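Working notes, beginning with the structure itself.
The values are calculated or read from the model by the stated rules, or taken from the named source; none is laboratory data. A quick note: this is a predicted structure, and the numbers were derived from the prediction, not measured. Backbone-built Cβ (ideal geometry, glycine too); neighbour counts: all protein chains shown. To get the accessible areas, we keep the full protein, side chains included, count just its heavy atoms, and leave off ligands, DNA and RNA. Shrake-Rupley method; radii C 1.70, N 1.55, O 1.52, S 1.80 Å.
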Amino acid sequence: MAAVAQGDSATRRVLGAILVEIDQPNATVLSLAVAPEFRRRGIARALLERALKQAEIQGAKRACLSFVSRMPQVAALKALLRSTGWSEPAPRILFAETAPQQVLQQAWAQRVLSRGPRNATAFDWSDLRPADRAFVEAEIAAGRYPQEVSPFWDEGNIAPVSLGLRAADGRVVGWLACHFVPQRPGSIRFSRSFCHAETAFRGNGAWIMAAALERHVNSSLHQSHPTVLFDVDERNTAMMTVYRRRIAPYIDSSYQSYLVAKDLC
Ligand SMILES: CC(C)(COP(=O)(O)OP(=O)(O)OC[C@H]1O[C@@H](n2cnc3c(N)ncnc32)[C@H](O)[C@@H]1OP(=O)(O)O)[C@@H](O)C(=O)NCCC(=O)NCCS
(Lines give C-alpha, C1' and ligand atoms only; values in the text may rest on other atoms or scores of the structure.)
Protein backbone atom coordinates (compact mmCIF):
# COMPACT_ATOMS: atom_id res chain seq x y z
CA MET A 1 0.00 0.00 0.00
CA ALA A 2 1.09 3.58 -0.57
CA ALA A 3 0.18 6.86 1.11
CA VAL A 4 1.19 10.42 0.37
CA ALA A 5 1.10 13.67 2.35
CA GLN A 6 -0.08 16.55 0.20
CA GLY A 7 0.17 20.33 0.54
CA ASP A 8 -2.81 22.70 0.52
CA SER A 9 -5.68 22.17 -1.89
CA ALA A 10 -4.39 24.90 -4.22
CA THR A 11 -1.04 23.28 -5.03
CA ARG A 12 -1.68 19.65 -3.95
CA ARG A 13 2.08 19.28 -3.86
CA VAL A 14 3.37 15.90 -2.63
CA LEU A 15 5.31 16.60 0.60
CA GLY A 16 6.09 13.01 1.54
CA ALA A 17 5.28 9.40 0.70
CA ILE A 18 5.40 5.91 2.16
CA LEU A 19 5.31 2.51 0.49
CA VAL A 20 4.51 -0.60 2.51
CA GLU A 21 4.34 -4.20 1.33
CA ILE A 22 1.94 -6.40 3.27
CA ASP A 23 2.75 -10.08 3.30
CA GLN A 24 0.88 -11.39 6.30
CA PRO A 25 1.80 -11.42 9.10
CA ASN A 26 4.47 -8.91 8.10
CA ALA A 27 4.28 -5.36 6.82
CA THR A 28 7.56 -4.15 5.31
CA VAL A 29 8.21 -0.44 4.93
CA LEU A 30 9.93 -0.30 1.54
CA SER A 31 10.29 3.42 1.29
CA LEU A 32 9.59 6.58 3.31
CA ALA A 33 10.65 10.07 2.32
CA VAL A 34 9.72 13.68 3.04
CA ALA A 35 10.70 16.63 0.82
CA PRO A 36 13.73 18.37 2.44
CA GLU A 37 12.00 21.71 3.01
CA PHE A 38 9.09 20.04 4.86
CA ARG A 39 11.08 17.93 7.31
CA ARG A 40 10.72 18.14 11.12
CA ARG A 41 7.02 18.94 10.86
CA GLY A 42 5.76 15.50 11.86
CA ILE A 43 5.01 14.36 8.30
CA ALA A 44 6.99 11.08 8.43
CA ARG A 45 5.57 10.27 11.86
CA ALA A 46 2.01 10.79 10.51
CA LEU A 47 2.67 8.76 7.33
CA LEU A 48 4.12 5.86 9.34
CA GLU A 49 1.24 5.90 11.81
CA ARG A 50 -1.33 5.90 9.06
CA ALA A 51 0.32 3.19 6.96
CA LEU A 52 0.89 0.88 9.93
CA LYS A 53 -2.70 1.31 11.12
CA GLN A 54 -3.85 0.33 7.63
CA ALA A 55 -1.49 -2.67 7.62
CA GLU A 56 -2.88 -3.74 10.99
CA ILE A 57 -6.44 -3.52 9.65
CA GLN A 58 -5.33 -5.75 6.78
CA GLY A 59 -4.06 -8.35 9.27
CA ALA A 60 -0.36 -7.54 9.67
CA LYS A 61 1.01 -8.30 13.13
CA ARG A 62 4.54 -7.00 12.80
CA ALA A 63 6.22 -4.22 10.84
CA CYS A 64 9.83 -4.22 9.68
CA LEU A 65 12.11 -1.84 7.86
CA SER A 66 15.70 -2.11 6.74
CA PHE A 67 18.11 0.68 5.98
CA VAL A 68 21.78 1.10 5.20
CA SER A 69 24.32 3.09 7.20
CA ARG A 70 25.50 5.17 4.23
CA MET A 71 22.09 6.83 3.62
CA PRO A 72 22.54 10.59 3.97
CA GLN A 73 19.65 11.00 6.45
CA VAL A 74 20.42 7.95 8.55
CA ALA A 75 20.61 9.92 11.82
CA ALA A 76 17.16 11.46 11.17
CA LEU A 77 15.69 8.06 10.34
CA LYS A 78 17.15 6.44 13.48
CA ALA A 79 15.78 9.29 15.62
CA LEU A 80 12.37 8.92 13.97
CA LEU A 81 12.33 5.15 14.56
CA ARG A 82 13.42 5.55 18.17
CA SER A 83 10.72 8.13 18.84
CA THR A 84 8.02 5.94 17.30
CA GLY A 85 8.66 2.75 19.26
CA TRP A 86 10.69 0.57 16.86
CA SER A 87 13.31 -1.93 18.09
CA GLU A 88 16.99 -1.00 18.26
CA PRO A 89 18.58 -1.47 14.79
CA ALA A 90 20.06 -4.98 14.45
CA PRO A 91 23.05 -5.35 12.09
CA ARG A 92 22.21 -7.60 9.14
CA ILE A 93 24.36 -7.48 6.02
CA LEU A 94 27.82 -6.01 5.69
CA PHE A 95 28.53 -4.75 2.15
CA ALA A 96 32.11 -4.13 1.09
CA GLU A 97 33.60 -3.07 -2.23
CA THR A 98 37.09 -3.32 -3.61
CA ALA A 99 39.20 -4.05 -6.67
CA PRO A 100 39.62 -7.86 -6.86
CA GLN A 101 43.42 -7.63 -7.33
CA GLN A 102 43.71 -5.97 -3.94
CA VAL A 103 42.55 -9.14 -2.19
CA LEU A 104 44.01 -11.56 -4.73
CA GLN A 105 47.56 -10.29 -4.29
CA GLN A 106 47.54 -11.01 -0.54
CA ALA A 107 49.78 -13.81 0.73
CA TRP A 108 46.84 -15.88 2.03
CA ALA A 109 45.15 -15.89 -1.39
CA GLN A 110 48.33 -16.92 -3.19
CA ARG A 111 48.99 -19.60 -0.57
CA VAL A 112 45.55 -21.24 -0.86
CA LEU A 113 45.61 -21.00 -4.66
CA SER A 114 48.94 -22.82 -4.89
CA ARG A 115 47.69 -25.50 -2.49
CA GLY A 116 44.37 -26.03 -4.37
CA PRO A 117 41.04 -27.17 -2.94
CA ARG A 118 41.08 -29.83 -0.20
CA ASN A 119 39.67 -33.26 -1.12
CA ALA A 120 37.55 -31.75 -3.89
CA THR A 121 37.80 -30.57 -7.48
CA ALA A 122 36.47 -27.32 -8.84
CA PHE A 123 33.92 -27.01 -11.65
CA ASP A 124 32.42 -24.11 -13.53
CA TRP A 125 28.97 -23.45 -12.06
CA SER A 126 27.42 -23.51 -15.54
CA ASP A 127 28.42 -27.21 -15.68
CA LEU A 128 26.15 -28.06 -12.74
CA ARG A 129 24.28 -31.23 -13.67
CA PRO A 130 20.57 -31.85 -13.01
CA ALA A 131 21.56 -34.54 -10.48
CA ASP A 132 23.84 -32.02 -8.66
CA ARG A 133 20.99 -29.54 -8.48
CA ALA A 134 18.65 -32.18 -7.11
CA PHE A 135 21.28 -33.17 -4.52
CA VAL A 136 21.88 -29.59 -3.31
CA GLU A 137 18.13 -28.87 -3.22
CA ALA A 138 17.54 -32.00 -1.15
CA GLU A 139 20.37 -31.09 1.27
CA ILE A 140 18.88 -27.60 1.69
CA ALA A 141 15.37 -29.01 2.19
CA ALA A 142 16.73 -31.40 4.85
CA GLY A 143 18.46 -28.49 6.63
CA ARG A 144 21.95 -29.92 6.08
CA TYR A 145 22.97 -27.13 3.68
CA PRO A 146 21.93 -23.57 4.63
CA GLN A 147 19.00 -22.01 2.80
CA GLU A 148 20.40 -18.46 3.31
CA VAL A 149 23.31 -19.16 0.97
CA SER A 150 21.45 -21.24 -1.60
CA PRO A 151 23.27 -21.05 -4.96
CA PHE A 152 19.88 -21.02 -6.72
CA TRP A 153 19.12 -17.43 -5.73
CA ASP A 154 18.79 -14.77 -8.49
CA GLU A 155 19.81 -17.23 -11.18
CA GLY A 156 18.96 -14.78 -13.97
CA ASN A 157 21.92 -12.60 -12.94
CA ILE A 158 24.51 -15.27 -12.23
CA ALA A 159 28.02 -14.24 -13.36
CA PRO A 160 30.35 -16.66 -15.19
CA VAL A 161 33.05 -16.45 -12.49
CA SER A 162 30.84 -18.64 -10.23
CA LEU A 163 32.19 -22.05 -9.36
CA GLY A 164 31.45 -25.21 -7.40
CA LEU A 165 33.41 -27.92 -5.59
CA ARG A 166 32.83 -31.63 -6.00
CA ALA A 167 34.08 -34.35 -3.62
CA ALA A 168 35.59 -37.60 -4.94
CA ASP A 169 32.27 -39.36 -4.27
CA GLY A 170 30.47 -36.90 -6.60
CA ARG A 171 28.73 -34.75 -3.95
CA VAL A 172 28.69 -30.98 -4.43
CA VAL A 173 30.46 -29.77 -1.27
CA GLY A 174 30.90 -26.08 -1.94
CA TRP A 175 30.11 -23.15 -4.18
CA LEU A 176 30.55 -19.47 -4.69
CA ALA A 177 27.68 -17.99 -6.68
CA CYS A 178 28.52 -14.54 -8.07
CA HIS A 179 26.01 -12.14 -9.62
CA PHE A 180 25.68 -9.12 -11.83
CA VAL A 181 23.98 -6.30 -9.93
CA PRO A 182 21.69 -4.30 -12.23
CA GLN A 183 21.77 -1.33 -9.80
CA ARG A 184 25.60 -1.31 -9.71
CA PRO A 185 26.70 -1.82 -13.31
CA GLY A 186 30.50 -2.11 -12.79
CA SER A 187 30.34 -4.64 -9.95
CA ILE A 188 30.30 -8.40 -9.57
CA ARG A 189 28.69 -9.46 -6.33
CA PHE A 190 30.23 -12.40 -4.46
CA SER A 191 26.85 -13.30 -3.10
CA ARG A 192 26.36 -16.88 -1.95
CA SER A 193 29.23 -18.90 -0.63
CA PHE A 194 29.19 -22.27 1.12
CA CYS A 195 31.71 -24.93 2.07
CA HIS A 196 30.88 -28.25 3.68
CA ALA A 197 31.72 -28.33 7.41
CA GLU A 198 33.43 -31.77 7.34
CA THR A 199 37.07 -31.54 8.48
CA ALA A 200 38.24 -33.00 5.17
CA PHE A 201 37.05 -29.84 3.39
CA ARG A 202 38.42 -27.30 5.88
CA GLY A 203 40.06 -24.31 4.21
CA ASN A 204 37.97 -24.57 1.05
CA GLY A 205 36.06 -21.38 1.94
CA ALA A 206 39.24 -19.33 1.54
CA TRP A 207 40.24 -21.30 -1.57
CA ILE A 208 36.93 -20.78 -3.36
CA MET A 209 37.04 -17.05 -2.60
CA ALA A 210 40.57 -16.71 -3.98
CA ALA A 211 39.74 -18.88 -7.00
CA ALA A 212 36.69 -16.76 -7.91
CA LEU A 213 38.77 -13.57 -7.55
CA GLU A 214 41.39 -15.07 -9.87
CA ARG A 215 38.75 -16.08 -12.42
CA HIS A 216 37.31 -12.58 -12.27
CA VAL A 217 40.67 -10.83 -12.76
CA ASN A 218 41.59 -13.16 -15.65
CA SER A 219 38.24 -12.91 -17.42
CA SER A 220 37.08 -10.44 -20.04
CA LEU A 221 34.50 -9.31 -17.49
CA HIS A 222 37.16 -7.59 -15.44
CA GLN A 223 37.36 -4.61 -17.76
CA SER A 224 33.63 -3.88 -17.74
CA HIS A 225 33.21 -4.91 -14.07
CA PRO A 226 36.34 -3.78 -12.18
CA THR A 227 34.79 -3.98 -8.70
CA VAL A 228 33.76 -6.83 -6.42
CA LEU A 229 30.99 -6.42 -3.92
CA PHE A 230 31.10 -8.77 -0.94
CA ASP A 231 28.14 -9.17 1.30
CA VAL A 232 28.18 -11.09 4.55
CA ASP A 233 25.30 -11.77 6.88
CA GLU A 234 26.35 -10.60 10.36
CA ARG A 235 24.70 -13.73 11.82
CA ASN A 236 26.99 -16.01 9.78
CA THR A 237 29.83 -16.04 12.28
CA ALA A 238 32.13 -18.36 10.28
CA MET A 239 31.90 -16.16 7.19
CA MET A 240 32.30 -13.00 9.28
CA THR A 241 35.55 -14.42 10.67
CA VAL A 242 36.84 -15.11 7.12
CA TYR A 243 35.74 -11.63 6.10
CA ARG A 244 37.40 -9.83 9.05
CA ARG A 245 40.68 -11.75 8.71
CA ARG A 246 41.06 -12.10 4.98
CA ILE A 247 39.13 -9.33 3.28
CA ALA A 248 38.35 -6.38 5.57
CA PRO A 249 41.92 -4.97 5.57
CA TYR A 250 41.85 -4.64 1.75
CA ILE A 251 38.45 -3.03 1.30
CA ASP A 252 37.97 0.39 -0.32
CA SER A 253 34.55 1.15 1.14
CA SER A 254 31.95 -0.62 3.23
CA TYR A 255 28.52 -0.06 4.68
CA GLN A 256 26.06 -1.98 6.77
CA SER A 257 22.38 -2.79 6.56
CA TYR A 258 20.20 -2.83 9.67
CA LEU A 259 16.79 -4.24 10.43
CA VAL A 260 14.24 -2.74 12.82
CA ALA A 261 10.86 -4.14 13.79
CA LYS A 262 7.72 -3.14 15.64
CA ASP A 263 4.79 -5.21 16.92
CA LEU A 264 1.51 -3.88 15.61
CA CYS A 265 -0.92 -5.26 18.14
C1 LIG B 1 13.84 10.31 7.79
C2 LIG B 1 12.72 11.25 7.28
C3 LIG B 1 11.69 10.42 6.53
C4 LIG B 1 12.07 11.97 8.50
O5 LIG B 1 10.98 12.76 8.01
P6 LIG B 1 10.37 13.98 8.85
O7 LIG B 1 9.01 14.29 8.28
O8 LIG B 1 11.35 15.09 8.91
O9 LIG B 1 10.22 13.37 10.30
P10 LIG B 1 9.20 13.89 11.43
O11 LIG B 1 9.10 15.38 11.35
O12 LIG B 1 7.93 13.12 11.36
O13 LIG B 1 10.01 13.51 12.74
C14 LIG B 1 9.45 12.77 13.80
C15 LIG B 1 10.52 12.62 14.90
O16 LIG B 1 11.67 11.96 14.39
C17 LIG B 1 12.86 12.53 14.96
N18 LIG B 1 13.63 13.22 13.89
C19 LIG B 1 13.30 13.33 12.59
N20 LIG B 1 14.28 13.97 11.91
C21 LIG B 1 15.25 14.25 12.80
C22 LIG B 1 16.52 14.89 12.71
N23 LIG B 1 16.97 15.39 11.55
N24 LIG B 1 17.28 14.99 13.82
C25 LIG B 1 16.83 14.52 14.99
N26 LIG B 1 15.62 13.92 15.16
C27 LIG B 1 14.85 13.77 14.08
C28 LIG B 1 12.39 13.54 15.98
O29 LIG B 1 12.20 12.85 17.21
C30 LIG B 1 11.05 13.96 15.40
O31 LIG B 1 10.16 14.47 16.37
P32 LIG B 1 10.29 16.03 16.80
O33 LIG B 1 10.43 16.84 15.53
O34 LIG B 1 9.00 16.28 17.53
O35 LIG B 1 11.52 16.14 17.65
C36 LIG B 1 13.33 12.35 6.36
O37 LIG B 1 14.47 12.91 6.97
C38 LIG B 1 13.70 11.87 4.97
O39 LIG B 1 12.88 11.89 4.05
N40 LIG B 1 14.96 11.44 4.78
C41 LIG B 1 15.42 10.96 3.46
C42 LIG B 1 14.83 9.64 3.08
C43 LIG B 1 15.06 8.56 4.11
O44 LIG B 1 16.08 8.53 4.77
N45 LIG B 1 14.10 7.64 4.19
C46 LIG B 1 14.16 6.49 5.04
C47 LIG B 1 14.41 5.26 4.24
S48 LIG B 1 13.15 4.07 4.44
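At-a-glance table
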| read-out | value |
| --- | --- |
| Kirkwood Rh and Cα Rg combined as Rg over Rh, evaluated for the chain | 1.06 |
| Computed lengthening from S126 to M1, 0.36 nm per intervening residue step minus Cα-Cα distance | 41.1 nm |
| DSSP-defined beta bridges in the range 134-256 - what % are antiparallel, rounded to 5 | 75 |
| Contour minus Cα-Cα distance for Q110 and R70 (0.36 nm per residue) | 11.1 nm |
| Solvent exposure ordering (accessible area, 1.4 Å, most first) of E234, E214, E88 | E88, E214, E234 |
| Within the accessible area of the range 95-257 (1.4 Å probe), percent carbon and sulfur | 50 |
| Only Lys, Arg (+1) and Asp, Glu (-1) charged, at Cβ; the range 1-86 dipole about Cα centre in debye | 300 |
| Label point at S224 placed 7 Å out along Cα→Cβ; residues across the range 162-198 whose backbone nitrogen lies under 11 Å | 186 |
| Length-normalised contact order of the range 121-238 in % [C-alpha pairs under 8 Å, at least 6 apart] | 23 |
| Candidates P249, P36, P185, ranked by Gaussian network fluctuation over the chain, Cα under 10 Å, top entry | P36 |
| Extreme residue, positive dipole direction of the chain, given options S83, A206, Y243 (C-beta unit charges) | S83 |
| Chain lengthening between D169 and R235 when straightened (0.36 nm per residue, less Cα-Cα) | 20.6 nm |
| Where the chain is the region considered: accessible area per residue in Å², 1.4 Å probe | 52 |
| Percentage relative contact order, the chain, counting C-alpha pairs under 8 Å, at least six apart | 26 |
| Top positive-direction residue, dipole computed over the range 21-179 with Cβ charges, set S114, L65, G143 | L65 |
| Size of charge dipole - the chain - debye, nearest 20, with Cβ of Lys, Arg +1 and Asp, Glu -1, no other charges | 720 |
| Share, in percent, of DSSP beta bridges within the chain that are antiparallel, nearest 5 | 85 |
| Residue of S224, S162, S254 that the Gaussian network model of the chain assigns the largest fluctuation, springs spanning Cα pairs under 10 Å | S224 |
| Nearest 10 degrees, 0 to 90: helix 74-83 Cα axis against the chain principal axis | 60 |
| Overall form of the range 56-131 per C-alpha gyration tensor (a/c, 1.5; a/b vs b/c) | oblate |
| Crossing angle, helix 204-218 versus the chain [Cα axis fit, 0-90 degrees, rounded to tens] | 90 |
